[in-house]
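Presented below is the structure to which this report refers.
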Amino acid sequence: MKTINRLQKHEIFNGLEQNELEKIAQITITKNFDKDQIIFYETEEPKYFYLLNNGVAKVYKVDSKGNEIVLHNFAAPTMIAEMASIENFKFPASCVAMDNCEFLLIKKEEFVKLLKANPDISFHVIKSLTRKIRGMEGLLNRSLIFDATTKVAHYIIERTDDFIMKKNKEVANELNMTPETLSRVLKKLKDLNILDKDRNILNKDKLETFLDF
């Protein structure tokens, strides 16, 4: 797959003109990471913008006692830790591949120069990042307020097609919970006759009661 086609998988670049994508492709490297391989370490200076093109990556911190604190699991396609690259500060957390991952690494200094020299690209990227920030704010609010069942119910209602088509592992990663927790919630919803064995919704009104708080 050509680099341009890979870039177009990402919302941040979707809609750019061909010549604009070509400029970005010229400063982009495709790199594969094996499962459990470190993508970047906390306090490391960012040299690239990291676009997860395939796979799942985990961003985490380690506390003073050596305990791992998972901040978020990212499923492709998405950009990771872009604020560190934009604001030019050290990574506030580490990132590791949860399975075999493909990343697009956009050279930071060249990309910043490209944004400064091309207002159209810059404006498009800013709009995309703004949408992502709004989405992350919503995710954070749900993580703080919703319990596991409510998170799953919200996902099923808002993204029914994705829920039916995606594997449990993918849905769990997007909800930032373990596959085991997701399986327990789905069993509960099936036992309540809210979902059938194929994960189709049997009783949407009953499912929506989990969102009443």
Q: Report, in cubic angstrom per residue, the convex hull volume of the C-alpha atoms of the chain.
A: 142 Å³
Q. Using the alpha-carbon atoms, what tilt in degrees (0 to 90, nearest 10) does helix 108-117 show relative to the longest principal axis of the chain?
A. 80 degrees
Q) Can you sort 131, 199 by how many other beta carbons sit within 10 Å, fewest first? A) 131, 199
(Q) With angles folded into 0 to 90 degrees, how steeply does helix 148-158 sit against the dominant principal axis of the chain? Use alpha carbons for both and round to 10. (A) 70 degrees
Q: Calculate how steeply helix 179-191 sits against the longest principal axis of the alpha-carbon atoms of the chain, using the helix alpha-carbon long axis, and give the answer as 0 to 90 degrees to the nearest 10.
A: 30 degrees
**Q.** Least to most buried among 130, 150 (fewest other Cβ within 10 Å first)
**A.** 130, 150
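Once you list every other residue whose beta carbon is under 12 Å from the beta carbon of residue 124, what net charge do they have if Lys and Arg are +1 and Asp and Glu are -1? Intermediate values should be presented prior to the final figure.
Values: positive: 127, 131; negative: 11, 17, 20, 120.
The answer is -2.
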Q: Using label points projected 7 Å from each Cα along Cα→Cβ, tell me how many nm separate residue 168 and residue 202, to one decimal.
A: 1.8 nm
Q: Find out how many positive minus negative residues lie around residue 101, taking Lys and Arg as positive, Asp and Glu as negative, among other residues whose Cβ is under 12 Å from that of residue 101.
A: -1
Q: Over all directions, average the projected area of the Cα convex hull of region 143-211 and note it in nm².
A: 4.0 nm²
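Beyond 17 Å, how much of the Cα-Cα pair distribution for region 52-123 remains, as a whole percent?
On the way: 1392 of 2556 pairs.
Tail fraction, whole percent: 54.
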**Q.** Charge-dipole axis of the chain as Lys and Arg at +1 and Asp and Glu at -1 on Cβ define it, positive-most pick from 179, 13, 59
**A.** 179
**Q.** Footprinting exposure proxy for 105, 52 (fewest neighbouring C-beta atoms within 10 Å first)
**A.** 105, 52
Q: Would you be so kind as to identify which of 130, 4, 32 lies farthest towards the positive end of the dipole of the chain, taking Lys and Arg as +1 and Asp and Glu as -1 on Cβ and the Cα centre as origin?
A: 32
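Using helices alone, I'd like the mean residue ellipticity at 222 nm for the chain: each DSSP H run of four-plus residues gives -39500 (n - 2.57), total over residue count, nearest 500. It would help to have the intermediate numbers written out before the result.
Values: 10 runs with 100 residues, N = 213.
The per-residue figure over the chain is -14000 deg cm²/dmol.
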Q) In the neighborhood of residue 60, defined by Cβ-to-Cβ distances under 13 Å, what is the net charge if each Lys or Arg adds +1 and each Asp or Glu adds -1? A) -2
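Read-outs throughout are calculated quantities, based only on the coordinates presented, and are distinct from any laboratory measurement. Computed from a prediction, not measured in an experiment: that's the story for all the values here. Cβ atoms come from the backbone with ideal geometry, glycine included; neighbour counts cover every protein chain shown.
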